[in-house]
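Input: a single structure, listed below in C-alpha cells.
Each value in this text was obtained by applying a stated rule to the coordinates, not by laboratory testing. Just so we're clear, the structure is a prediction, and the values are computed from it rather than from any experiment. Note that each Cβ is placed from the backbone with ideal geometry, even for glycine, and that neighbours are counted across all protein chains shown.
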Amino acid sequence: MRRGESKAKGLKRGGRIRSAPTKAKARVRRDDAPASTLAEQLAAKTGELDEALRQQAATAEVLKVISSSPGDLGPVFQTILANATRICRAGFGLLGLFEEEAFRQVALHNVPPELLKKFPGGLMHPHPKSGLGYMIRTHRLSKSADVRTEPPYLEHDPSVVALVDIGGARSIVNVPMVKDDKLIGVIGIYRQKVQPFSDREVELVQSFASQAVIAIENARLLNELRESLEQQTATS
C-alpha cells in the first residue's frame, strides 16, 4: 500500500511537471492576443489621423486659393476638384455649372482625353434616369456603386456608355452645388473600379461643393462692386 501510494504520488507529481509547459504556452497566447488587438487599433487610429490631416491641408489650400483669387473662379474650381478627387482616391473628376438642363464642364482632373471628345462644347446632357438627372429634379446628391448596372448604361445612353466604356467609370458620386435651393453646379468624382464611396468621403466632397458655392458668390459680389464703381467713375 505504501509503495502504491508513493508511486501514485510520483505519477501525480510527474503529471504536474509535464503539464507546466502547456499551461505556459497557453498563457503566452492569451498575453499575445491583446497586444495584437492594440496594434491593430493603433494602426487604425494612425490612419484616421493621417486622413484628417490630409483633409485639413486640402481645405486650407482651397481657402488660400479663394482668398488670393476672389474674382477668378478657374483656379478655385481646379483646386477644389483636384483635392476632392485625390482625397477620395478616385480616378478622375469633373466640375460643371448648370445651364439649361445641362452641365458645362469648367474644371477637369485626370479625365481621359478620349472621353472629352464625347462631350462637344464641354456640355453634358444627363439621361433622365441617371444620377445627374435625379440631381436636376431634386437638387440632392446621387451615387452609384456600379454605373454598369444602372438603367442609363443598360439603355445605351451615349454619355453614360462613354463614361463607362471609354473613361472606365464604375463607382461614382455626384454632389450638387446649391445656393438658396437653386442648382448651380455639380462635382462628379469617378472611380475606375467598383468601390462605393463612404459616407465620410461623400461629406468631404459636400464640404468642397459648399466652398465652391462661396467662391461663386464672392466673385458675383466682387463683380457687382466693380461695375458699381465703374458707373460712379463714368458719371462723376
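Less than 14 Å Cβ to Cβ from residue 220, Lys/Arg counted +1 and Asp/Glu -1: what total charge do the surrounding residues give?
Details: positive: 179, 182, 226; negative: 72, 180, 217, 224, 227.
Local net charge: -2.
Eigenvalues of the Cα gyration tensor times 5, then square-rooted: what semi-axes does that give for the range 128-183, in whole angstrom, largest first?
On the way: eigenvalues 99, 24, 16 Å².
Each semi-axis is the square root of five times an eigenvalue, giving 22, 11, 9 Å.
What the Cβ-Cβ distance of residue 220 and residue 116 gives, at R0 = 30 Å and to the nearest 0.05, is a FRET efficiency of 0.60. For the range 173-187, backbone phi angles converted through the Karplus equation (6.51, -1.76, 1.60; θ = phi - 60°) give residue-by-residue couplings of 9, 10, 10, x, 9, 10, 10, 6, 6, 10, 6, 9, x, 8, 10 Hz, Gly and Pro being listed as x.
Taken along its principal axes, the alpha carbon cloud of the range 69-235 reaches lengths of 61, 30, 30 Å, longest axis first. Shown in residue order for the range 214-229 are the 3J(HN,Hα) couplings computed by the Karplus curve 6.51 cos²θ - 1.76 cosθ + 1.60 at θ = phi - 60°: 4, 4, 5, 5, 4, 5, 5, 5, 5, 5, 4, 5, 4, 5, 5, 5 Hz (x for Gly and Pro).
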